[in-house]
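> Have a look at this one.
The values are calculated or read from the model by the stated rules, or taken from the named source; none is laboratory data. This one's a predicted model, so the numbers in the text were calculated from it and none came from an experiment. Here the Cβ is made from the backbone with ideal geometry for all residues, glycine too, and neighbour counts use every protein chain on show. Calculation scope for accessible area: heavy atoms of the full protein, side chains included, ligands and nucleic acids excluded. Shrake-Rupley method; radii C 1.70, N 1.55, O 1.52, S 1.80 Å.
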Amino acid sequence: PSVTASDAVMFVIEARDRFGHPLHDPAGHLRFGVEVQSLETGIFIPGSVSSNREHCKAVCCYDATKVGNYLIHVYQLGVMVDGIRQNGRVPIGGSPFPVVVKAGPLDAYCTRGTGPGLT
């Protein structure tokens, strides 16, 4: 998929069990993380995640101001195994997600004219 360059891009993670049923996590045990990897430089930049514990959804945002090709890595953090929180992270299904950031529309205010005919 592609997005248009802007200040921030948003998407939602909806936690589900292995049968595809939506989860509820009022205690806040489920946590997620997002990183954006530039395919041009290989650099990873963290995104932001804001969780809604009651509905077990997380709103994620990342900076999409630079045109290019990226991979969006989405992880579950601190996975619970037999009731014990483990360190580390596990990619969610489909992660990493390829994204192309395309140039945004012309901004007339930021556009400048130069040359001998204008001076």
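> Counting only protein heavy atoms and a 1.4 Å probe, tell me what percentage of the chain's accessible area is made up of carbon and sulfur. If you can, show how the numbers build up before the last one.
Values: 4710 of 8170 Å².
Carbon with sulfur: 58 percent of the solvent-accessible area.
> Continuing with the same structure: If R₀ is 35 angstrom, what is the calculated FRET efficiency for the pair residue 17 and residue 69, using the beta carbon separation as r and rounding to 0.05?
The formula returns an efficiency of 0.60 here.
> Using a 1.4 angstrom probe on the protein heavy atoms only, could you order 35, 40 from most to least accessible area?
40, 35
> Let me ask something additional. Order the peptides 19-26, 91-98, 72-79, 43-50 from the highest to the lowest mean number of other Cβ atoms within 10 Å of their residues.
Details: 19-26: 10.0, 91-98: 12.1, 72-79: 18.5, 43-50: 13.6.
Going from most to least packed, we get 72-79, 43-50, 91-98, 19-26.
> For the full complex of protein chains and a 1.4 angstrom probe, list 60, 110 by accessible area with the highest value first.
Ranked from most to least accessible, the order is 110, 60.
> Within the chain, what percent of beta bridges assigned by DSSP are antiparallel, to the nearest 5?
The antiparallel fraction comes to roughly 90 percent.
> Among 45, 8, 34, flag the residue with its Cα farthest along the positive direction of the charge dipole of the range 1-46, charges on Cβ as +1 for Lys/Arg and -1 for Asp/Glu.
Farthest along the dipole direction, towards plus: 34.
> If amide hydrogens are placed 1.01 Å from N in the peptide plane, which non-local residues have theirs closer than 5 Å to the one on residue 16?
23
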